[in-house]
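Each value in this text was obtained by applying a stated rule to the coordinates, not by laboratory testing. Computed from a prediction, not measured in an experiment: that's the story for all the values here. Cβ placement follows ideal geometry from the backbone for every residue including glycine, while neighbour counts extend to all protein chains displayed.
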Amino acid sequence: MSLAATQPNHPHRIDLFLVYNRDRNKSDGESTLRFNNENLMIDLHTHSLLSDGALLPSELVRRAYAIGYKAIGIADHADISNIDFIVPRIVKASRILTSSKIKVVPGIELTHVPPKDFPSLIKYARANGIKLVIVHGETIVEPVIPGTNACALECDIDILAHPGLITLRDAKVAVRREICLELTAKTGHSLTNGHVARVAREAKAKLILNTDAHGPKDLITRDTAMSIILGSGLTEAQAHAVFKNSSQLLKKF
Ligand SMILES: [Zn+2]
Ligand SMILES: [Zn+2]
């Protein structure tokens, strides 16, 4: 049955449907150029209103595209109470919102979860389509359960977010387990960026920069991202390595 036959009295709906699918399916030179453009932003840690973010996934992704993103991870806060609610919605939204213009990675951020529960929640998330698993690390501005960093790094995660005063020992585990440590643009969590950068450098751990955005004003340009990384004490060359780490991690998804 054709679309026209199913909706003969709604021409505007048909137009929107066609535009939507044309954009989704486009694989022309422009989009190839966009994904190859190294000046565009990759930000793998953001929140929608499926947890405590301000925006619908649709608006979050649209805002991100408009400010110069080529990839975004939607990684809403999860614990045992809401994981079954948010996972299918994030997976569905990411699939629908991914286009030739921007890649949307379905993620979760396990937040203030007792570390003993990490393995079962991660297993559940991955089995249900989550590609990107983040753990809310031991930021100094919240009373995160001590030992969260160490336990998370032994689990099947991709990023340890805002790991606060992470130890050299834990950073070396991150190297062994190929887990990225996060520099963050988020106020408060970013207070230890300098420490995280120094310890990661000493351990040779991979760093990435994310925004942990909860609203439209938290999304940043690539230039601002560069400034934040430089502000953590890294050199420009090291900052480019941070961006490369994000690109490499993105390829996993
Ligand atoms: Zn967090
Ligand atoms: Zn977060």
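Summary of computed values
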item: Whole-Å distance, taken between Cα centres, linking the stretch 83-131 and the stretch 193-253; result: 22
item: E38 versus S120: modelled label distance in nm, points set 7 Å from Cα along the beta carbon direction; result: 4.6
item: Cα-based helix-to-principal-axis angle, 193-203 vs the chain, degrees rounded to 10; result: 70
item: Principal-axis tilt of helix 11-25 within the chain, Cα atoms, nearest 10 degrees; result: 40
item: Which of F253, G233, G73, positive extreme of dipole for the chain (C-beta unit charges); result: F253
item: Shape call, the stretch 42-100: gyration tensor on alpha carbons, a/c limit 1.5; result: prolate
item: The stretch 12-252, relative contact order [Cα under 8 Å, separation at least 6], %; result: 18
item: Farthest positive-ward along the stretch 12-252 dipole, Cα basis, beta-carbon charges - from A93, H47, V141; result: A93
item: Trypsin sites (Lys or Arg not before Pro) restricted to the stretch 147-234 and DSSP loop, no more than 12 other C-beta within 10 Å; result: K204
item: Cα-centre dipole for the chain with unit charges at Cβ (Lys and Arg positive, Asp and Glu negative), debye to 20; result: 720
item: Set K70/K92; K123/K217; K103/K172 screened for pairs whose C-alpha atoms are more than 28 Å apart; result: K123/K217; K103/K172
item: The stretch 12-252 pair-distance distribution - Cα-Cα, 10 Å bins, rounded %; result: 8, 34, 37, 17, 4, 1
